[in-house]
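I have placed the structure first, in the form of structure tokens, so that the comments after it can refer back to it.
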Number of protein chains: 2
Amino acid sequence: MIPTDPFDALLGYHLRRASVAVMADLAAALAPLDLKPAEASILFTIAAADGITQAEIGRALGIQRANMAPIIASLTKRGLLAKQTADGRSQSLRLTQTGQTIHHQASAAAQDHEHRLFGHLPAAERQRLMTQLKTIWRAP
Amino acid sequence: MIPTDPFDALLGYHLRRASVAVMADLAAALAPLDLKPAEASILFTIAAADGITQAEIGRALGIQRANMAPIIASLTKRGLLAKQTADGRSQSLRLTQTGQTIHHQASAAAQDHEHRLFGHLPAAERQRLMTQLKTIWRAP
DNA sequence: TATTGTTATACTCTATAACTATA
DNA sequence: TATAGTTATAGAGTATAACAATA
């Protein structure tokens, strides 16, 4: 169809296409839990850093403060998170019992998704790929 | 801030973060030409496949027919593209003289962007990374 | 002064449905 | 029947600005 692929040598293009494909698979894997990837990433972060505030989560994940508010409100309303006063302006976040259950399920779904998509790569190669990707986004 | 990074072993997460960072840099690199990444990718495709139709471009780039229409209309209105009747329902697309000029500038900007972001990687390593990314998005 | 949480809002990207004209 | 182009529209995701409360 296209005689010479104009994107053949463009790493950024393939990075983008790969990201879109992988995110679509992850979204499908999390859909049964009624979780979007961003919501799952927030649960993962709270599970790993109990008592973290939503502003800190936003900085860690690259989500803006203004966009964190409705997501945290929704997860709290669903009974997955509990807020606890940290100081007068910020609140410590923790997973509720239900939140922990959903977190475990989301974690299993994400692991399964990763294994399904990347399990065929030799461990060393997969590790090198991951290191390269980390370098790319943490560089700037 | 976060004691143990819950995303440390999740390839998909770093793929996504890397893609977002790279796309932001590309968007900034193309902004002086008043081109978005998607528009530039369409110019690249037409330059490589003169006379291609917009439905074919959409399939090649993963852009839906309905979303191609306004983009092609805009590029045509700006004088970068010319339409020529292929058959009664489809049109061959070509770059105008202006379109070719912009295409060359966009190509140079993209090359510069790639070199700036990935130039530090050894050629062999960069090639392997690209091959892995191609495999990931072309697999499903 | 700076930060947190929040609201409002706008813009882009993407997805679906429906229509016509043509093959 | 299937495809191309188009329009309308809805839903995400993301961006900025502003505000009150607090540090």
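The values are calculated or read from the model by the stated rules, or taken from the named source; none is laboratory data. Predicted model, so just to flag it, every value in this text is computed and none were measured. Heads up, the Cβs are rebuilt from the backbone with ideal geometry, glycines too, and the neighbour counts pull from every protein chain shown.
So, A:Thr101, is that one more than 16 Å from DNA strand C (Cβ to nearest atom), more than 30 Å from B:Thr135 (Cβ to Cβ), of a type in the set (Ser, Thr, Tyr) and more than 10 Å from chain B (Cβ to nearest Cβ) or not?
yes
Annotation for region A:41-59: at least one member residue is farther than 28 Å from B:His120 by Cβ, within 15 Å of DNA strand D (Cβ to nearest atom), in contact with a His (Cβ under 9 Å, 6 or more places away or on another chain) and assigned to a helix (DSSP H, G or I). Examine region A:70-81 for a residue that is surrounded by 13 or more Cβ atoms within 10 Å (Cβ to Cβ) and of a type in the set (Lys, Arg), and state whether such a residue exists. Within region A:70-81 (the criterion being surrounded by 13 or more Cβ atoms within 10 Å (Cβ to Cβ) and of a type in the set (Lys, Arg)), the answer is yes, since at least one residue qualifies. Restricting region A:13-41 to residues that are among the small types (Gly, Ala, Ser) and touching a residue at least 12 places away in the same chain (Cβ under 8 Å), the residue that is nearest to B:Phe44 (Cα to Cα) is A:Ala38.
For the condition within 11 Å of chain A (Cβ to nearest Cβ), touching a residue at least 40 places away in the same chain (Cβ under 8 Å) and at negative phi, B:His120 does not qualify.
On the basis of being in a helix (DSSP H, G or I), within 10 Å of DNA strand D (Cβ to nearest atom) and farther than 21 Å from B:Phe7 by Cα, does A:Ala73 make the cut? Judged against the criteria, A:Ala73 is not a match.
Is it the case that some residue within region A:1-15 is within 16 Å of DNA strand D (Cβ to nearest atom), at pLDDT 95 or above, within 30 Å of B:Arg116 (Cβ to Cβ) and within 13 Å of chain B (Cβ to nearest Cβ)?
Checked against the condition, which is being within 16 Å of DNA strand D (Cβ to nearest atom), at pLDDT 95 or above, within 30 Å of B:Arg116 (Cβ to Cβ) and within 13 Å of chain B (Cβ to nearest Cβ), region A:1-15 yields at least one hit.
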